[in-house]
1. Quickly run through segment 35-59 and pick out the residues that are open to solvent by 40 Å² or more (accessible area, probe 1.4 Å), in a helix (DSSP H, G or I) and not hydroxyl-bearing (Ser, Thr, Tyr).
2. Residue by residue through segment 12-34, note down the ones that are assigned to a strand (DSSP E or B), open to solvent by 50 Å² or more (accessible area, probe 1.4 Å) and at pLDDT 75 or above.
3. Quick test of your reading of the structure: Ala176 fulfils all but one of (1) buried (at least 16 other Cβ atoms within 10 Å of the Cβ); (2) under 30 Å from Thr137 (Cα atoms). Name the failing condition by number.
4. Among Leu227, Leu200, Leu216, Leu192, which is the only one that is at pLDDT below 85 and either part of a helix (DSSP H, G or I) or open to solvent by 60 Å² or more (accessible area, probe 1.4 Å) (or both)?
5. Within segment 95-128, track down each residue that is in a loop (DSSP other than H, G, I, E, B) and either on the phi > 0 side of the Ramachandran plot or open to solvent by less than 50 Å² (accessible area, probe 1.4 Å) (or both).
6. Can you tell me which residues in segment 134-173 are β-branched (Val, Ile, Thr), in contact (Cβ under 8 Å) with a residue 40 or more places away in the chain and outside any loop (DSSP other than H, G, I, E, B)?
7. Identify, please: which residue in segment 270-284 is among the small types (Gly, Ala, Ser) and open to solvent by 50 Å² or more (accessible area, probe 1.4 Å) and is, among those, farthest from Arg209 (Cα to Cα)?
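The values are calculated or read from the model by the stated rules, or taken from the named source; none is laboratory data. As the structure is a computational prediction, the values presented were derived from the model and not from experiment. Glycine gets a Cβ as well: all are built from the backbone with ideal geometry, and neighbour counts include every protein chain shown. Calculation scope for accessible area: heavy atoms of the full protein, side chains included, ligands and nucleic acids excluded. Shrake-Rupley method; radii C 1.70, N 1.55, O 1.52, S 1.80 Å.
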Amino acid sequence: MPRKATGSAYERGGKLYAYVTLPGGKRKPFPCPDKIRTLKQAKDYSAWFSEQIRLGNINPDALAAKPAEPLDKAATFEGWCGKWLDERRARNLSSVNDDESRLRVHVWPVLGALPVAQVTTADVERLVASLDGKIRTGKLSWKTARNAWGLVTKAFDDAKKSKNSALRVRQDNAAADVAPPDGGARKAKVYLWPSEVARLLACDRVPVRWKRLVVLSVYLYCRAGELEALQWDAVDLTHGVIHVHQSVERYRDVGKIRPTKGRMARRYPIEPALVPLLAAMRAEAGGAKATGPV
């Protein structure tokens, strides 16, 4: 009596394959059905498949089965993310390079090889557990983990309802009902006391240009990149209004002019105490015809 098949299986590229015994003893890999989700289920399926072939209930030649091949990379979560990141680059989102780095280091090792359409809530919970583990061992700050988590939730949201139909590959959001990674204490923002600003401006060793930079930073409420990109045509001294609508890239494409953070341009009144300085600087730059950076 022939030995009962025990089943053999393996996983490659996020896909399970059953090693099935054919007539004559030769073994051949067959892709498991999508309902097979674990290696144990794949082994049981392999044993059943082999037994059905031995009994003559299944003709393996009629299946036209092909040897197992790695899953098409575009069908994996990592492959899908590549297209997603390309689409974000096309929209000139400045954080894409950082986003890709976070995905590569913290997300793809857990979810990258899985078929994007088959990632489950349990899979996403494994990712959160991985991020929490890194936080607790000091390998990762909670803020970086939350940034990575924000990418994951956005990715699965776009996989469900992106405006780009080519990215819509799911009927649900696998991350929708998953709790985020652990949080932590938020660091206080650094700021100058009025007395510290006064001491700096009174110091003879500080060049005038640096004093002006500090005063503009304090009174205009601009980010450093926004202040560097500020042009005279955005300063309306007649009506006392400033228009902040662009910024200089300071970390990646250094010097490139791009929209402000969040693409939110804003107009607001200039502090009265700053108007005399701006008027003097404008006169030095050519008066009413002044152009270029402030």
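1. Scanning segment 35-59 gives Leu39, Lys40, Gln41, Lys43, Asp44, Trp48, Glu51, Arg54, Leu55.
2. Within segment 12-34, Tyr19, Lys28, Pro31 meet the criteria.
3. Answer for Ala176: the failing condition is (1).
4. When all the criteria are applied, what remains is Leu192.
5. Passing the criteria: Ser95, Gly112, Leu114, Val119, Thr120.
6. The answer is Ile135, Thr144, Val152.
7. If we take residues in segment 270-284 being among the small types (Gly, Ala, Ser) and open to solvent by 50 Å² or more (accessible area, probe 1.4 Å), then Ala273 is farthest from Arg209 (Cα to Cα).
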